[in-house]
1. If the elastic network links every pair of Cα atoms under 10 Å, which of 218, 116, 128 fluctuates the most in the Gaussian network model of the chain?
2. Where is the GNM fluctuation largest for the chain (alpha-carbon springs, 10 angstrom cutoff): 17, 74, 203?
3. Using bins 5 angstrom wide from zero, how does P(r) for the range 35-99 break down, in % of all Cα pairs?
4. Using the alpha-carbon atoms, what tilt in degrees (0 to 90, nearest 10) does helix 15-27 show relative to the longest principal axis of the chain?
5. So if each residue of separation counts as 0.36 nm, and I subtract the Cα-Cα distance between residue 235 and residue 68, what length gain in nm does that give?
6. Would you compute, for the Cα atoms of the range 1-50, the largest minus smallest coordinate along each principal axis and list the three values in descending order, in whole Å?
7. How would you classify the range 179-247 from its alpha-carbon gyration tensor, with a ≥ b ≥ c the square roots of the eigenvalues: rounded for a/c under 1.5, else prolate if a/b is greater than b/c, otherwise oblate?
8. Test of understanding: what is the full-extension gain from residue 3 to residue 138, defined as 0.36 nm times their sequence separation minus their Cα-Cα distance?
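What follows draws every value from the coordinates through simple rules; no lab data is involved. All values derive from a computational prediction rather than experimental measurement. Cβ placement follows ideal geometry from the backbone for every residue including glycine, while neighbour counts extend to all protein chains displayed.
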């Protein structure tokens, strides 16, 4: 699906921006770069800024005109930071990402078009686009670097693709150091912990066994809903042991001392 989306850079003057755009594309799974009359390309600054996305640069298509770059495209969306005299259908980046993916899923060819660093796209070039895309940056400082603009639209396209493909947009981190690390503590281990906890709280004077005021019941509820793992249990028991030693007047000593 994403292979149907091409990024078109028109009249790029700084080769570093081409490399930055290539890196932004690869970060988000886009691979097709088309350059319209770039001032300098290939160039070592583009290679340096690509930082691992050199394959995008190597496969980039270089053409003379925007018309050449859009051959075969069914949907064209051009970025515009300025109000134009002729009103045009306008999208924000999120809407553009969804629309690009929806059309790409039907096998259509999509172009995301970005203009020159100093002036953007001309009115004539924008009129070749079905939609204008406006990135709602702070009006007090609205000028975006070209590669940053590519990153914004590429990100929204990827998020729309993940949603359409039923993939999660975030991956939960899990502890994988050992099987024991991820296993939940057993009920008998939890009971021994509660006994240890109660004895420690009495030892330090925090719990009065004559007036417990439901403290242990509340602590059971707290730890019960925390899904304590066996490795976490070892940590908690270790803390209690060291707390008891200190309460009994033994100086604290680190394990590695």
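1. For the chain, modelled as a Gaussian network with Cα springs under 10 Å, the answer is 218.
2. Of 17, 74, 203, the most mobile in the Gaussian network model is 203.
3. 3, 12, 17, 16, 20, 19, 9, 4, 0
4. Roughly 50 degrees between the two axes.
5. Gain on extension, residue 235 to residue 68, equals 53.7 nm.
6. Between the extreme Cα coordinates on each principal axis of the range 1-50 lie 31, 20, 12 Å.
7. The shape class here is oblate.
8. Between residue 3 and residue 138, full extension yields an extra 45.4 nm.
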